[in-house]
């Protein structure tokens with residue numbers, strides 16, 4: 001599938017001379033994330049009309065591991081006026097995650113036969129979406145941290161032709177973090193600083209799992225999601241970093257991230273903190289592809 005397949009004018013990958021709005025120079029790459037130009041307006045009502053979003057072109061990917069009691073809520077809350085398909089990837093859960101997702105109306109449930117990690121789950125879902133012919137994919141957390149109604153915010157710039165990847169940010173004006181622990185607050189503030197130092201892009205939230213993008217990015221040889229080292233928490237920051245450094249138009253919009261208390265995260269801070277950080281370090285140093 002290519003960006004030319006039903007995509008709005010001026011929204012192809014970098015290097016196309018016909019796309020005057022697509023950055024390709026080093027200077028453009030370092031200014032690719034645009035957090036402030038339209039993001040507050042999109043969160044406050046001056047947004048692209050939802051009618052512009054064509055749900056038949058959108059799949060929502062939800063990675064999940066032992067999310068019984070939450071995954072059904074996530075699936076049911078996805079507005080079908082925004083996305084025609086919800087793909088839940090069950091990463092070898094030991095509970096009833098798959099059954100609950102099906103009962104809630106997920107159009108497709110894929111189960112890994114062994115636990116492979118959230119990155120592998122996202123990859124599986126994205127490949128399934130592309131194989132099914134969808135042009136855009138959005139990613140939601142399976143633990144009900146995100147507000148599916150806010151998918152409109154991350155999808156609208158794609159359909160307006162102003163972005164290739166839209167990253168949700170809890171820290172932009174209009175974003176929210178109800179129930180956030182103090183430790184999560186400073187850690188999620190620190191990571192964007194490190195991301196900016198490595199990429200040169202003005203990122204405000206690089207670890208938020210709510211994002212949407214053109215699936216044609218997966219056809220770019222500079223974005224190699226098939227690598228095994230991306231199976232855990234590495235895949236999402238890798239994708240963001242590579243999109244920025246490859247010259248794609250990356251935007252941020254304000255979103256909500258809810259912290260439900262015990263059970264909200266399965267992360268181990270030292271081990272998984274390194275997994276989130278190492279794609280930025282490795283790519284900056286050219287250690288891995």
Considering only the range 229-240, I want to know if a residue exists there that is farther than 27 Å from residue 173 by Cβ and surrounded by fewer than 16 Cβ atoms within 10 Å (Cβ to Cβ).
yes
Residue ID - nearest to the chain's Cα centre (by Cα), chosen from residues in the range 130-160 that are in a loop (DSSP other than H, G, I, E, B) and within 13 Å of residue 212 (Cα to Cα):
140
With the condition kept exactly as written, say whether any residue in the range 171-194 is closer than 28 Å to residue 72 by Cα, crowded, with 22+ Cβ neighbours inside 10 Å and under 15 Å from the mean Cα position of the chain (by Cα).
no
Could you grab the pairs with beta carbons closer than 8 Å, sequence gap of 6+ or different chains, first residue in the range 220-238 and at negative phi, second one part of a loop (DSSP other than H, G, I, E, B) and loosely packed, with under 15 Cβ neighbours inside 10 Å?
224/289; 227/289
Please tell me if residue 254 is within 21 Å of residue 123 (Cβ to Cβ) and crowded, with 17+ Cβ neighbours inside 10 Å.
no
Would you be able to tell me the number of residues in the range 197-251 that are in contact with a strand residue (DSSP E or B) (Cβ under 7 Å, 6 or more places away or on another chain) and part of a loop (DSSP other than H, G, I, E, B)?
9
When the range 85-96 is checked residue by residue, the ones that are within 22 Å of the chain's Cα centre (by Cα) and surrounded by fewer than 17 Cβ atoms within 10 Å (Cβ to Cβ) are 92
If you check every pair at least six apart or on different chains, which have Cβ atoms under 6 Å apart with a residue in the range 69-90 that is free of Cβ contacts under 8 Å to residues at least 40 places away in the same chain first and a residue that is in a loop (DSSP other than H, G, I, E, B) and surrounded by 16 or more Cβ atoms within 10 Å (Cβ to Cβ) second?
72/104; 75/104; 75/106; 76/104; 86/78; 86/106; 86/107
Pairs, first at positive phi and surrounded by fewer than 24 Cβ atoms within 10 Å (Cβ to Cβ) in the range 131-156, second assigned to a helix (DSSP H, G or I) and modelled with pLDDT of 95 or more, C-beta under 6 Å, six or more apart:
144/73; 144/74
For residues in the range 97-123 being in contact with a strand residue (DSSP E or B) (Cβ under 6 Å, 6 or more places away or on another chain) and assigned to a helix (DSSP H, G or I), which is surrounded by the fewest Cβ atoms within 10 Å (Cβ to Cβ)?
102
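The values are calculated or read from the model by the stated rules, or taken from the named source; none is laboratory data. Nothing here was measured: the structure is a model prediction, and the numbers come from that model. Glycine gets a Cβ as well: all are built from the backbone with ideal geometry, and neighbour counts include every protein chain shown.
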